[in-house]
């Protein structure tokens, strides 16, 4: 009986091993590791903003990202003071936004001063630096790509999107994106 079990188990083990190896999902990297960003163009347009001397302005700031967060806020800067009107927050429109939603929005932006355009540029710059640091830590499997739309007129940057991914097996939440739009800019 033991010999029969040994003979039966060896083929069964071989079949299971074959099925395991041949049916196992192979991990395929969806992107080539590295950081793709036009740092020269970004620096040029950041410097244009910083040297243009515009101190009073208004614009609409839109952020859309994954993990999920999105908002649209009208921003006004007057004599170094900033005010804002939250128009959309996580798919809620103006009249549906509650005080709790507004407090979550405020905690997400960290400080209202982050809505000054020079601080938007600084945040993008910090994100670029952070992506290069993440790539240095995981050069075989970290990917980040930045897309920009620039303008020769103030505010000089109209759009920025960063997609990134940590392409390791069994990483939950290793990918994401952040998309920023700057629209309706008016010098006051």
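The values are calculated or read from the model by the stated rules, or taken from the named source; none is laboratory data. If you're wondering where the values come from, they're calculated on a predicted model, not measured in any experiment. Cβ coordinates were reconstructed from backbone atoms using ideal geometry, including for glycine residues, and neighbour counts include every protein chain displayed.
For the range 36-63, how many residues are in contact (Cβ under 8 Å) with a residue 40 or more places away in the chain, under 17 Å from residue 186 (Cα atoms) and not in a helix (DSSP H, G or I)?
8
Pick out the one residue from 136, 111 that is exposed (fewer than 15 other Cβ atoms within 10 Å of the Cβ) and under 23 Å from residue 174 (Cα atoms).
136
Of the numbered conditions (1) surrounded by 15 or more Cβ atoms within 10 Å (Cβ to Cβ); (2) assigned to a helix (DSSP H, G or I); (3) modelled with pLDDT under 90, residue 31 fails exactly one; give the number of that condition.
(2)
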